[in-house]
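K.L.:
Take this structure, written in structure tokens, and hold onto it; I'll ask about it next.
The values are calculated or read from the model by the stated rules, or taken from the named source; none is laboratory data. Here the structure is a predicted model, which means the values were calculated and not measured. Neighbour counts are summed over all protein chains in view; Cβ atoms, including those assigned to glycine, are modelled from backbone coordinates with ideal geometry. The accessibility values were calculated without ligands, DNA or RNA, using every heavy atom of the protein model including side chains. Shrake-Rupley method; radii C 1.70, N 1.55, O 1.52, S 1.80 Å.
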Amino acid sequence: MAVAEFIPSSSLNKRTSLYSSQLSYVSTQISHQRRLSVRSLPRTNYSSQICCSVTSKEAQAPTVVQADDPKKKNECYGVFCLTYDLKAEEETGSWKKMISVAVSGAAGMIANHLLFKIASGEVFGPDQPIALRLLGSERSLQALEGVAMELEDSLYPLLREVNIGTDPYEVFQDAEWALLIGAKPRGPGMERAGLLDINGQIYAAQGKALNAVASPNVKVIVVGNPCNTNALICLKNAPNIPAKNFHALTRLDENRAKCQVPDFLNAKINGLSVKEVIKDTKWLEEEFTEKVQKRGGALIQKWGRSSAASTAVSIVDAIRSLVTPTPEGDWFSTGVYTNGNPYGIAEDIVFSMPCRSKGDGDYELVKEVIFDDYLRSRIKKSEDELLAEKRCVAHLTGEGIAVCDLPGDTMLPGEM
Ligand SMILES: NC(=O)C1=CN([C@@H]2O[C@H](COP(=O)(O)OP(=O)(O)OC[C@H]3O[C@@H](n4cnc5c(N)ncnc54)[C@H](O)[C@@H]3O)[C@@H](O)[C@H]2O)C=CC1
Ligand SMILES: O=C([O-])CC(=O)C(=O)O
């Protein structure tokens, strides 16, 4: 195995430019350990290339690239990066082409659960190699390095490359999936309009970055709250990406409903409709609905922070629902851009809809969901709240001057 050599950052392209020399050293040692331990696994034809880069504005020192194949020097930009001939082995020869998955808020609680699921193959499948591109804030950069180290230590065969950085224009480069988790939590005394503005600015900037550098068909899942309106802001700032590709993560609520009692109007218990089994409509309409609505807040009271593990699971479910065919007769919930929906929901907002997928990353709306007056009234309430939020972020969607007349009961889960 050739000895790693240092290549001055100026000789590489912009993405590879930065690393503090001390971290570069630490990472080099760790990469060596990985290289040695990986080599001891029963893999053949292994030719690793290791390089280190952090993309942030405080660029510095060298990048390490193994010198045995000069042609490959510029191909690897990861904090760690393993490249070898995937076609050369029986197992890896059947793997798909590597995909690039960007995650923002990658040093946060939700990402700390999610990233390891993605790297393990649980999300995109056991034959799908992954490059992770992790976006953090300036404050979280060091923690992000820790995340990358833990990913490396986990020896996931499918995880080929990890990049970290704080500039979305660098981190989102060529991303095929963008899981946008990073956001500021609402603090005590902060007005909802203030939170909408702060997080809206983040999602406007990230939408612009995706528009400029991501894969033109990138699929985007917005998790940071308020996720529907953040998703709307994001897609309005990314006019070159189909609006249909943007989702707001509403799957956690579906999962929470299922863990209580499923959607009582459309779901079945042992083949019978829920209302045939549970006759107590008052309980279904009042207690059950409220329980799901307030589940997030109840958890914040217990944990002192919002749901992280179950949110990560629901992101996994949301992605898997798009990359695997939906079973016959089933559907899943995801917040999507309303553009010709069959339910009379206001157009031009992001609203949770029943969807099905053929497993190609795309979806279609399910048209035969049953509504009653109760459901219609609850949906109208959500619609009014989202329309009010939309007016409040008009300055971020390019639709003029914002007017914030948020209804009093627009609640975040922590507010009870
Ligand atoms: N849609 C849903 O069902 C749920 C949404 N959430 C929301 O998800 C978000 C993240 O939650 P956690 O991971 O628990 O929070 P966290 O506070 O643990 O992590 C957030 C991370 O985002 C980073 N960050 C902040 N601004 C950023 C930016 N501009 N670019 C990149 N990274 C940035 C922070 O440094 C932090 O590391 C919150 O907005 C929370 O309200 C939480 C639970 C459920
Ligand atoms: O507001 C939060 O951070 C938590 C949240 O969305 C939920 O638990 O549903």
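K.L.:
What does the accessible area per residue of region 258-416 come to in Å², with a 1.4 Å probe and no ligands, DNA or RNA counted?
P.N.:
That works out to 54 Å² for each residue.
K.L.:
Using only the Cα atoms of region 255-408, what are the Rg and Dmax in Å?
P.N.:
For region 255-408, the Cα-based Rg and Dmax read 17.2, 52 Å.
K.L.:
Along Cα→Cβ, 7 Å out, is where each label goes; now give me the distance between the ones at Phe371 and Lys291 in nm to one decimal.
P.N.:
For the pair Phe371/Lys291, the computed spacing is 2.7 nm.
K.L.:
A further question on this structure: Whole-Hz ³J(HN,Hα) for each residue in region 297-310, computed from phi via Karplus 6.51 cos²θ - 1.76 cosθ + 1.60 with θ = phi - 60°, x for glycine and proline: what do you get?
P.N.:
Running phi through 6.51 cos²θ - 1.76 cosθ + 1.60 with θ = phi - 60° gives x, 4, 5, 4, 5, 6, 8, x, 7, 7, 3, 10, 5, 5 Hz.
K.L.:
Determine ³J(HN,Hα), in whole Hz, for all residues of region 103-116 in sequence, where each value follows from phi through the Karplus function 6.51 cos²θ - 1.76 cosθ + 1.60 and θ = phi - 60°; x replaces Gly and Pro.
P.N.:
10, 9, x, 6, 9, x, 5, 5, 4, 4, 8, 5, 4, 6
K.L.:
Assuming R0 = 30 Å, can you tell me the calculated FRET efficiency for the pair Glu150 and Gln301, based on Cβ-Cβ distance, to the nearest 0.05?
P.N.:
Step by step, r from the Cβ atoms, then E = 0.55.
K.L.:
Okay, moving on. If amide hydrogens are placed 1.01 Å from N in the peptide plane, which non-local residues have theirs closer than 5 Å to the one on Ile269?
P.N.:
Val274
K.L.:
Only loop residues by DSSP count here, and only those with at most 10 other Cβ atoms within 10 Å; note down the trypsin sites (Lys or Arg not before Pro) in region 290-390 that meet that.
P.N.:
For trypsin sites (Lys or Arg not before Pro) across region 290-390 that sit outside H, G, I, E and B with at most 10 neighbouring Cβ atoms in 10 Å, the list reads Lys367.
K.L.:
Still on this structure, I have one more. Can you tell me how much longer the chain between Tyr343 and Lys258 gets when fully stretched, taken as 0.36 nm per residue apart minus their C-alpha distance, in nm with one decimal?
P.N.:
Contour length minus the Cα-Cα distance gives 28.3 nm.
K.L.:
Same structure again: From the phi of every residue in region 201-216, what ³J(HN,Hα) in whole Hz does the Karplus formula 6.51 cos²θ - 1.76 cosθ + 1.60 yield, where θ is phi - 60° and glycine or proline is x?
P.N.:
Per-residue couplings from phi come out as 4, 4, 6, 5, 5, 6, x, 4, 5, 4, 4, 7, 10, 7, 4, x Hz.
K.L.:
For region 345-408, list log₁₀ I(q)/I(0) at each q in 0.12, 0.15, 0.22, 0.27 Å⁻¹, using the Debye formula over Cα point scatterers of equal strength and ignoring solvent, two decimals each.
P.N.:
For the requested q values the scattering log ratios are -0.44, -0.64, -0.96, -1.12.
K.L.:
Hey, rough spin-label estimate for Glu191 and Glu91, points 7 angstrom out along Cα→Cβ, what's it come to in nanometres?
P.N.:
Computed distance between label sites Glu191 and Glu91 equals 5.7 nm.
K.L.:
What are the principal axis extents of the Cα atoms in region 206-267, in Å, biggest first?
P.N.:
Cα spread of region 206-267 along its principal axes, largest to smallest: 43, 20, 14 Å.
K.L.:
List every residue whose amide H lies under 5 Å from the amide H of Ile221, counting only residues 5 or more places away in sequence or on a different chain, with H placed 1.01 Å from N in the peptide plane.
P.N.:
Ala178, Leu179, Leu180, His247
K.L.:
Moving to a separate point now. Among Thr397, Met353, Phe332, flag the residue with its Cα farthest along the positive direction of the charge dipole of region 295-416, charges on Cβ as +1 for Lys/Arg and -1 for Asp/Glu.
P.N.:
Phe332
K.L.:
What is the gain in length, in nm to one decimal, between Val323 and Asp174 on full extension, counting 0.36 nm per residue of separation less the C-alpha to C-alpha distance?
P.N.:
51.8 nm
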